[in-house]
Every structure is written in C-alpha cells, then in structure tokens.
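*Asks:* This is the structure, below, for whatever I ask next.
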Amino acid sequence: MFLAHRNLIQNKTRLLLSVGGVSLAIMLILLLNGFLAGMNRQITSYIDNSTGSLIIAQKGVDNLLGATSLLSVNALEDVKKVNGVNDVVPILSQFVIFDLRGKKLPAYLIGYDPNQGGGPWKIREGREPMTDTEMVFDDVLAKRNDLQIGDKFEILGQDFTIVGLSENTTSWMTSFFFIRISAAKKLLRNPGAISFLLITPEKNIETGNLLKNLNRISGINAITKNEIADNDIRLFAKVFSAPIKLMVFISFLVGTMIVGLIIYTATVERQREYGVLKAIGAANQILYKVVITQAFVTSLIGALLSILLAFSVGNWIMAIRPQFLILFDPLDVLWAILAGVGMALFAAFIPTRVLAKLAPAEVFQK
Amino acid sequence: MIRLAFHNLFQNKIRFIISVGGVALAMTLILSLDAVFTGVERQITAYIDNSGADIFVSQKSVRNMHMTTSSMSRSVITDVEEIPGIEKVTPILYLTNMVVSGKERNLAYIIGLPENAPMGGPWKLFEGRSYPRTGETIIDRNIAQKSKIGIGDDVEILGRKFKVVGLSEETTNLVNSVAFISISDFIKLWGNSNSISYLLIKINPEKSSSDIAAQIEANVKNVTAQVTADFSSQERRVVKDMSTEVITMMNFIGFLIGLAVMALTVYTSTLAHRSEYGVLKALGAHNKHLYQTVISYSLLSVLIGLALGIMITFLLSIILTYLRLNLTLAISGVSLLKVSSASLVIAAISAILPIKQIAGLDPAMVFRGK
C-alpha cells in the first residue's frame with residue numbers, strides 16, 4: 001500500500017490530471033443525469049402542481065402535452081354525475097409557437113377559470129386574469145424577453161395584457177402561460193371546447209373503481225395524474241433521453257480510459273521496479289493490489305471532487321440559463337461514486353495484465 | 001520530426017487506441033447529435049414540402065404547423081377564392097392526436113381532407129387508396145407495421161374507429177406520423193363545423209406566389225399567408241430554435257471529453273518519451289523541433305479520431321435507414337466544419353502542457369537517469 005501511495009504522489013501533475021479526468025467524467029455524468037431529472041420535473045410541472053389526482057382526456061389521448069384533446073360538450077356534466085367525484089375543473093389547452101426576438105419558442109397555453117382552479121400555482125408578481133384580454137406569463141420567459149406586467153403580448157393574432165408573472169412554469173423546451181378559459185375558447189374559435197377535466201375524488205374512494213366508472217362514459221379516457229405524467233415524460237424522452245443516456249455512457253467510458261491510461265503509464269514506467277519486486281519474491285497478487293489501489297484512490301478522489309464540481313457548475317448553469325433545471329438526486333450521487341469505483345476496476349485491468357506477463361529475469365537483462 | 005511523431009503515435013497500441021478512440025467517441029457524439037436534429041428538421045417539413053400547395057394560409061400570426069393550432073372561419077375560403085391568380089383552394093383541418101391500435105399508440109398529425117382533394121393528401125402510397133371516405137383513414141406504413149395492422153384493419157383516432165384503406169410512405173419522423181381522415185369525420189369529432197385550420201393554395205403558374213400571398217393578407221382579415229418554402233423554413237426553425245441550446249450544451253460536453261482524452265494521451269506520451277527528447281536536445285535539437293513533434297503527434301491523433309468519428313456516424317446513418325426506426329441521421333456541411341474546427345482546437349490545447357514539459361527539460365538530467 002505504501003508503494004501505491006508513493007507511486008501516486010510522486011508525480012503530482014499526473015495525479016492532478018488523472019483525478020481531474022475522473023472528476024470531469026463523473027461531473028458530466030452527474031450533470032447529465034441532473035439535467036434529465038430536471039427535464040422530467042419541468043415536463044410534468046403542470047400535472048404535478050394542478051388540482052386533483054385524476055385527469056379526463058378525450059378517448060385515445062393519454063398524455064397532456066403530446067396530443068390535442070377535445071372532450072364532448074356533455075363530458076363535464078356526465079363526469080360530475082359519477083359517484084365519488086368531488087370536484088371537476090375544466091381546462092382548455094393547446095401548444096402555440098411564440099416568435100420572440102426572432103426565435104421560435106413553443107409555449108403551452110392553459111385556459112382556465114380562476115374561480116375553479118387549474119391555473120398558475122405560484123404567482124411571483126401581479127394577479128390572475130380577470131378579463132378575456134389578460135394573461136399570466138412565465139417570469140423567466142418574461143425576464144429573458146424584457147416583458148413585464150402591463151405589457152401587451154400577441155397570441156394567435158390577439159393582444160393580451162400581462163397581469164401576472166408565474167413561477168416554476170418554465171423549461172428550455174416549453175413554458176406555460178395562462179388565460180381565462182373563455183378567452184381560450186374565443187382564441188381557438190371553438191365555443192364549446194374543453195381539453196381536459198381535472199378530477200378530485202371524494203375522500204376514501206377507491207381510485208380503481210372510480211376510474212372504471214368514469215371510463216364507462218363514452219368518448220373519454222380517465223387516467224391517474226401519475227400515468228399521464230409518465231406518458232408525457234416518455235414522449236419527450238423519445239427525443240432527448242437517448243442522446244443524453246448515450247453521453248452518460250461515453251462519459252463513463254472516457255473516465256475509465258483516463259484512469260486506465262494514467263495507471264497504465266505509471267505501471268509501464270515502473271516495470272523495472274515491479275520486476276525487481278517479483279524477483280525478490282513478491283507474488284502477482286501484491287502487485288495487483290498496488291495497481292488496483294492506485295486506480296481506486298484516484299477514482300475515489302475524482303468522484304468526491306466531481307460532486308462538488310457538479311453542484312457548482314449546475315448552479316452556475318441555472319443562474320445564467322434559468323430555463324434549465326438541474327436536479328441532483330442523492331441516489332445519482334451514490335451512483336457517481338459507484339461509477340468512479342467501476343472505472344477504477346475497469347481501468348486497472350490492462351496494467352494488471354502487464355504485471356502478470358512480466359518475467360522477473362527480463363528486468364535484469366535490460 | 002513528423003516521422004518521430006508518427007512513430008511515437010503507433011509505437012504504443014494501447015495509448016493509440018485510447019487517444020484516437022476517445023477523440024472518435026467525442027466527435028461521433030457531436031456529429032450524431034447534430035445529425036439527429038438535422039434529420040428531424042428535414043422530416044418534420046415532409047407534409048408541407050409534399051403538399052402540392054404554393055401558398056399556406058393560416059390563422060393570423062400562426063406561422064407553423066408543428067406544436068401549434070390554427071383556426072379560421074370557413075368564410076375565409078370564399079374570400080381567398082375571389083383573389084385573382086388563385087387556381088385551387090383546399091381547406092384542411094388539423095390537430096395532433098393518437099393513432100391507437102390495441103396497446104400501440106402513436107402520435108400523429110391528423111389531417112381532415114375534403115373528398116378528392118387536389119392537395120394535402122398522401123404523396124407516396126405504399127398500398128391502398130390515396131383519399132379517405134367517411135369512416136376511413138390512411139396511416140403511415142411504418143406505424144401500421146409497428147402496430148401489426150394492414151389494409152382493412154381498424155384503428156382508433158380522436159376516440160373513434162376508422163378502417164385503414166391506405167398506407168402512406170415518408171409520413172413519419174422521430175416524433176410523429178401523419179394520418180388522413182375525411183374532413184366530414186373531423187368536423188363531427190371536433191364538434192365545430194364553422195372552422196378550418198389551413199388553406200392550401202395552388203396558383204396560376206405565371207403568377208408570383210409571394211405577390212399572391214401579400215394580396216391574400218391585404219384582402220382577407222385575420223389570416224397569415226405564406227409561400228410554401230417560407231412556411232417550411234418557419235417549421236425547420238422551430239426544431240432548430242428548440243434544440244439549439246441543448247445541442248450547444250452537448251457539443252460543449254463532447255468537446256470537453258475529446259479535450260480531456262487528447263490532453264492526457266499527448267501528455268502521457270510526451271512523458272513516456274521524455275528521455276528520447278532529452279537525448280535529442282543533447283544532440284542539438286532545438287525546442288521548436290521538439291514542439292513540432294508534439295504538435296504533429298497531437299494533430300495526427302485528432303485527425304485520425306475525427307476521420308473515425310465521421311465514418312462511425314455515416315455508418316450509423318446507413319444502419320438506421322435499414323432499422324426503420326423513424327430516425328434519420330443527416331450529416332450537414334456545417335456540422336462537419338464544426339467538428340473539424342473543434343478537433344483543431346483540441347489538438348492545439350492538448351499540446352500546451354507537453355510543450356511546457358519539453359521546454360523545461362534539461363538534457364543532462366536524462367543521462368543521470370531522471
């Protein structure tokens with residue numbers, strides 16, 4: 001162990017590079033996982049924060065953000081009549097594309113009745129819309145585009161006045177904005193339209209039975225909020241999750257290669273010393289221990305440093321780009337440390353093979 | 001000195017694999033991510049590009065189809081038809097919904113088509129009929145295959161059963177496909193007979209599309225008229241603008257990965273050949289000659305890694321076309337230029353630390369075995 005320790009600290013630049021390489025790789029893994037977790041949270045932010053625990057959509061529609069849902073005019077009354085339904089909140093929602101400062105930005109319109117709910121869950125400044133020409137805008141999007149309360153904003157050819165700024169309603173893919181449901185019906189030129197119903201069941205009602213009863217109504221699909229959230233995540237993950245997961249894998253591979261290269265170089269450089277050790281009776285196992293300890297210590301220091309780095313870089317990214325949310329799950333941090341250990345084990349494989357093949361006599365012949 | 005760099009590079013196979021492999025991975029990452037989004041940009045405008053229309057008319061301020069809605073009063077049809085130079089007008093209804101078959105659910109643009117519509121229908125048919133009547137639908141061939149259904153089978157759209165009468169091609173992308181139903185079915189299910197989503201316009205070939213689009217906007221209230229090429233370009237911008245920030249972030253990460261691997265391999269290689277450099281110095285080689293070796297080593301590794309990265313991405317794009325994954329990798333010239341520039345920067349930065357190392361190398365030390 002003493003030899004491993006000496007080997008490690010003898011060349012400080014090399015130690016710094018290897019620890020730096022590992023921490024960079026694990027930091028990337030942590031940041032990418034944090035980014036995925038943040039993306040998922042942002043995608044489901046409306047579902048997570050809106051009223052009720054069940055959602056009624058048009059038959060065949062099982063997500064909020066992907067498909068347009070249009071319920072029949074009778075759906076609201078039919079659902080109210082079902083036993084076990086305590087509260088029903090209708091919303092009319094639709095994606096629209098904003099042209100802001102020459103950039104296209106998808107935003108999700110929520111038409112709601114302020115007296116019933118379904119609107120913004122946290123207003124940082126201002127109030128909810130009281131007329132059909134007022135709106136609540138996302139505060140991050142407003143800041144990025146120099147918009148403030150009192151400003152006019154055009155949606156689908158109609159001017160709205162911003163009367164409130166909502167919090168936690170943004171993401172880098174889309175932001176939520178809110179108008180009255182009556183205004184949304186006019187805007188979408190569909191007077192009877194309702195997209196979804198947010199259902200709060202009565203206390204002590206068994207969800208499975210209630211869903212069964214609701215799904216007897218024709219033309220609707222009643223599902224839990226958790227299911228609809230999962231479906232939305234799956235839909236968006238189809239586009240973004242695969243590249244991010246690929247990057248996590250490449251980061252792991254690169255981290256392993258970095259530790260491997262460092263330990264390999266250090267081992268090859270000290271081949272003579274290891275040969276001498278073998279010649280005086282050291283078993284292969286002892287030499288393996290030296291190599292594995294070096295790899296393990298490097299990776300562990302790198303992993304611990306990466307946690308600090310990831311937190312700092314994550315906070316920095318969120319400060320300069322508030323539309324990005326990076327969430328660190330304690331489980332992800334644990335995985336990062338395990339990834340570091342995994343890297344060490346993989347990385348030590350080639351140097352141990354070098355040692356295994358080393359013939360003690362060779363070092364005296366050189 | 002370049003020969004020496006070449007020799008150093010290939011002497012140690014493990015180091016060579018790691019350096020070139022690391023750069024190739026990083027470059028593949030940057031290239032393939034760019035290629036995914038360029039592919040989506042091209043696929044997403046397939047309906048607009050193949051609609052057969054010269055001009056698209058939509059609700060005022062609506063300049064896109066993807067992730068948006070457009071709703072105009074039906075009276076707009078006659079208003080537009082009165083404008084001179086217009087030959088055909090096809091109204092369509094549109095929204096995004098699911099094509100459901102058993103447990104298989106696929107997101108799709110649902111297009112409500114008038115009977116015998118001259119524009120806006122499927123442009124390439126694999127099998128069956130190209131226009132849907134009441135209760136019928138035309139869906140994408142890949143979606144049908146995925147759902148294990150064919151002509152004559154039923155699917156559910158907007159909560160109602162439709163019989164599949166046609167299978168279209170080139171109507172799917174990474175996010176969604178296109179399904180066609182009759183406009184009368186669409187109106188029934190939508191519950192709004194007074195609205196249309198878009199007007200597809202064919203003009204007299206002797207007239208200018210942009211002039212007629214301007215005339216439509218001047219004469220018809222609350223509409224936006226765009227030449228098809230402009231409409232298509234607006235659509236591509238949605239994908240581009242949505243993905244720019246995430247691509248920038250991913251590219252930066254790819255760049256960091258490439259840099260970390262290269263910097264380390266060039267550094268460890270220089271370290272391993274320290275004594276040789278010392279001997280060369282002792283024999284009278286100038287620092288600048290040794291710098292040349294390091295830079296050449298770094299440049300060679302990066303260029304081989306880059307070439308490998310490009311090959312892997314091309315290979316991936318070919319494999320994906322055979323896998324029918326609705327994902328197209330399109331490698332653009334801009335993307336190639338970007339990764340090439342990134343490679344050069346990586347090579348240059350990677351050489352800095354070893355150059356400093358060589359500059360501080362005392363020839364006498366190597367003879368003392370240090």
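*Asks:* Take the conditions touching a helix residue (DSSP H, G or I) at 6+ places or on another chain (Cβ under 8 Å), surrounded by fewer than 21 Cβ atoms within 10 Å (Cβ to Cβ), under 30 Å from B:G159 (Cβ atoms) and among the charged types (D, E, K, R) and apply them to A:D78. Does it pass?
*Replies:* No; evaluated as a whole, the condition is false for this residue.
*Asks:* When you look at A:T51, is it within 26 Å of the chain's Cα centre (by Cα) and either within 30 Å of A:E273 (Cβ to Cβ) or of a type outside the set (K, R) (or both), yes or no?
*Replies:* Yes; evaluated as a whole, the condition is true for this residue.
*Asks:* Right, something else. From the list B:P118, B:P91, pick out the single residue that is assigned to a loop (DSSP other than H, G, I, E, B), under 32 Å from the mean Cα position of the chain (by Cα) and of a type outside the set (G, A, S).
*Replies:* So the residue among B:P118, B:P91 that is assigned to a loop (DSSP other than H, G, I, E, B), under 32 Å from the mean Cα position of the chain (by Cα) and of a type outside the set (G, A, S) is B:P118.
*Asks:* Inspect the stretch B:309-327 for any residue being more than 30 Å from B:V175 (Cβ to Cβ), outside the structural domain of B:E170 (by TED's automatic domain parsing), out of contact with any Lys or Arg (no Cβ under 6 Å at 6 or more places or on another chain) and part of a helix (DSSP H, G or I) and give the result as yes or no.
*Replies:* Checked the stretch B:309-327: no residue is more than 30 Å from B:V175 (Cβ to Cβ), outside the structural domain of B:E170 (by TED's automatic domain parsing), out of contact with any Lys or Arg (no Cβ under 6 Å at 6 or more places or on another chain) and part of a helix (DSSP H, G or I).
*Asks:* Check off (1) at pLDDT below 80; (2) buried (at least 19 other Cβ atoms within 10 Å of the Cβ); (3) not hydrophobic (A, V, I, L, M, F, W, C) for A:G60 and give me the number that stays unchecked.
*Replies:* All conditions pass for A:G60, except number (1).
*Asks:* Output the residue which, of all residues in the stretch B:1-24 that are at pLDDT 75 or above and touching a Gly at 6+ places or on another chain (Cβ under 8 Å), is nearest to the other protein chains (Cβ to nearest Cβ).
*Replies:* Ranking the candidates gives B:G21 first.
Okay, residues lined up against (1) within 23 Å of the chain's Cα centre (by Cα); (2) more than 14 Å from every other protein chain (Cβ to nearest Cβ):
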residue: B:V239; (1), (2): yes, no
residue: B:V246; (1), (2): yes, no
residue: B:F252; (1), (2): yes, no
residue: B:A260; (1), (2): no, no
residue: B:T268; (1), (2): no, no
residue: B:L280; (1), (2): no, yes
residue: B:L306; (1), (2): yes, yes
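*Asks:* Tell me which residues, restricted to the stretch B:25-82, are assigned to a loop (DSSP other than H, G, I, E, B), more than 12 Å from chain A (Cβ to nearest Cβ) and aliphatic (A, V, I, L, M).
*Replies:* Kept after step one, since they are assigned to a loop (DSSP other than H, G, I, E, B), are these residues of the stretch B:25-82: B:45, B:50-54, B:60-71, B:74, B:82.
Filter once more, keeping what is more than 12 Å from chain A (Cβ to nearest Cβ): B:45, B:50-54, B:82.
Scanning the stretch B:25-82 gives a single hit, B:A53.
*Asks:* Let me ask something else. Would you mind finding the one in A:D151, A:D146 that is more than 32 Å from the chain's Cα centre (by Cα), away from every other protein chain (no Cβ under 14 Å), more than 23 Å from B:S70 (Cα to Cα) and not hydroxyl-bearing (S, T, Y)?
*Replies:* Step by step, each of A:D151, A:D146 is checked, and only A:D151 is more than 32 Å from the chain's Cα centre (by Cα), away from every other protein chain (no Cβ under 14 Å), more than 23 Å from B:S70 (Cα to Cα) and not hydroxyl-bearing (S, T, Y).
*Asks:* Hey, which of the strands (runs of 3 or more DSSP E) in the stretch A:128-221, taking only ones fully inside, have at least 2 residues that are touching a residue at least 60 places away in the same chain (Cβ under 8 Å) and closer than 30 Å to A:V85 by Cβ?
*Replies:* A:175-180, A:196-201
*Asks:* Here is a follow-up. Kindly check whether there is at least one residue in the stretch B:190-206 that is more than 8 Å from chain A (Cβ to nearest Cβ), closer than 30 Å to B:M119 by Cβ, aromatic (F, W, Y) and crowded, with 21+ Cβ neighbours inside 10 Å.
*Replies:* The answer is yes, given that some residue of the stretch B:190-206 is more than 8 Å from chain A (Cβ to nearest Cβ), closer than 30 Å to B:M119 by Cβ, aromatic (F, W, Y) and crowded, with 21+ Cβ neighbours inside 10 Å.
*Asks:* I would also like to ask the following. Please specify each residue of the stretch B:134-169 satisfying the condition of being charged (D, E, K, R), over 28 Å from the mean Cα position of the chain (by Cα) and modelled with pLDDT under 95.
*Replies:* B:E156, B:R160, B:K161
*Asks:* Take A:T169 and tell me if it is over 26 Å from B:M249 (Cβ atoms) and either modelled with pLDDT of 90 or more or among the hydrophobic types (A, V, I, L, M, F, W, C) (or both).
*Replies:* No; evaluated as a whole, the condition is false for this residue.
*Asks:* For the stretch B:144-177, enumerate the residues that are farther than 20 Å from A:I220 by Cβ and within 14 Å of another protein chain (Cβ to nearest Cβ).
*Replies:* Within the stretch B:144-177, B:K146, B:S147, B:T172, B:N173, B:L174, B:V175, B:N176, B:S177 qualify.
*Asks:* Same structure again: Name the residues in the stretch B:106-118 that are touching a Gly at 6+ places or on another chain (Cβ under 6 Å) and modelled with pLDDT under 95, would you?
*Replies:* If the condition is that a residue be touching a Gly at 6+ places or on another chain (Cβ under 6 Å) and modelled with pLDDT under 95, then B:L107 is the only one that fits.
*Asks:* Taking only pairs six or more apart or across chains, which ones have beta-carbon atoms under 6 Å, a first residue in the stretch B:88-99 that is surrounded by fewer than 24 Cβ atoms within 10 Å (Cβ to Cβ), and a second residue that is of a type in the set (D, E)?
*Replies:* So the pair list comes out as B:V89/B:E81.
*Asks:* Out of the residues in the stretch B:237-257 that are surrounded by 21 or more Cβ atoms within 10 Å (Cβ to Cβ) and either in contact with a strand residue (DSSP E or B) (Cβ under 8 Å, 6 or more places away or on another chain) or among the basic types (K, R) (or both), state the one that is farthest from B:T28 (Cα to Cα).
*Replies:* Applying the filter and picking the extreme gives B:V238.
*Asks:* At least 1 residues that are free of Cβ contacts under 8 Å to residues at least 40 places away in the same chain and in contact with a helix residue (DSSP H, G or I) (Cβ under 7 Å, 6 or more places away or on another chain) in each: list the strands (runs of 3 or more DSSP E) lying fully within the stretch B:133-243 that qualify.
*Replies:* Ranges flagged: B:160-168.
*Asks:* Counting residues that are within 14 Å of another protein chain (Cβ to nearest Cβ), which helices (runs of 4 or more DSSP H) fully inside the stretch A:11-108 reach at least 2? First the steps, then the outcome.
*Replies:* Working: elements: A:12-43, A:45-49, A:75-80.
The helices (runs of 4 or more DSSP H) meeting that bar are A:12-43, A:75-80.
*Asks:* Test A:Y112 against the criterion of being under 24 Å from the mean Cα position of the chain (by Cα) and either within 21 Å of A:L197 (Cβ to Cβ) or of a type in the set (K, R) (or both), and give yes or no.
*Replies:* Considered against the rule, which asks whether it is under 24 Å from the mean Cα position of the chain (by Cα) and either within 21 Å of A:L197 (Cβ to Cβ) or of a type in the set (K, R) (or both), A:Y112 comes out as no.
The values are calculated or read from the model by the stated rules, or taken from the named source; none is laboratory data. For clarity, every value in this text was computed on a predicted model and none was experimentally measured. So basically every Cβ, Gly included, is an ideal-geometry build from the backbone, and we count neighbours across all protein chains shown.
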